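The values are calculated or read from the model by the stated rules, or taken from the named source; none is laboratory data. Just so it is clear, the structure is predicted and the values come from calculations on it, not from any experiment. Please note: Cβ atoms are built from the backbone with ideal geometry, for glycine as well, and neighbour counts cover all protein chains shown.
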Amino acid sequence: MDKTGASAIPNDPVAGLTDIPLPAPLSLWPQTWASRIVIVLLIAGLIAVTWRIVRRWHADRYRRAALAELDQILHSPGAAPSTADAMALLVRRTALAIFPREIIAPLTGSAWLNFLDRTYGGNEFSCGVGSVLARAPYAPQPITAGDVGPLADLVRHWIRTHHV
């Protein structure tokens, strides 16, 4: 016993130990040049795809606006002939938004309907329910309520799928 009244601790058994050296931290960056090149190419591809999606989204905003206006025409209270007039004007304005004015402006009657058929790959405008669009703005004729649905479907299909 020492002067303080505590017994003396014999040699500390842990005092002579040394720490184990830890390995160097691992890098998260790939070690080979080939894997680095692949990562750079993947990032460049992702940027290119994102750029293309954004450009297409911006280019198709006229389609989204036309579809919204078509829905507004169909859900607004009004007579069926005025609905056909409004759809005919909507198709004309949509075509003017994307095609050159020099091509669209002079088209009337069967030439207009043939143009609409050509731009989406069918013949429903010249030979089907779409033929009312050539006359509707100029000489409104009564359109039955049963024809409004197929005409609206045809206009919606043209807006979504026409090609330039």
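Selection over the stretch 126-164 of residues that are in contact with a Lys or Arg (Cβ under 9 Å, 6 or more places away or on another chain), surrounded by fewer than 18 Cβ atoms within 10 Å (Cβ to Cβ) and modelled with pLDDT of 85 or more gives a count of 1.
One residue is enough: does the stretch 13-27 have a residue meeting the conditions among the small types (Gly, Ala, Ser) and surrounded by 11 or more Cβ atoms within 10 Å (Cβ to Cβ)?
Looking for residues that are among the small types (Gly, Ala, Ser) and surrounded by 11 or more Cβ atoms within 10 Å (Cβ to Cβ), one finds none in the stretch 13-27, hence no.
Out of everything in the stretch 91-110 that is outside any helix (DSSP H, G or I) and without any contact (Cβ under 8 Å) to a residue 60 or more places away in the chain, what residue ends up being farthest from GLY130 (Cα to Cα)? So the residue we want is PRO100. Taken over the stretch 32-90, residues that are without any contact (Cβ under 8 Å) to a residue 12 or more places away in the chain and within 30 Å of TRP158 (Cβ to Cβ) amount to 23.
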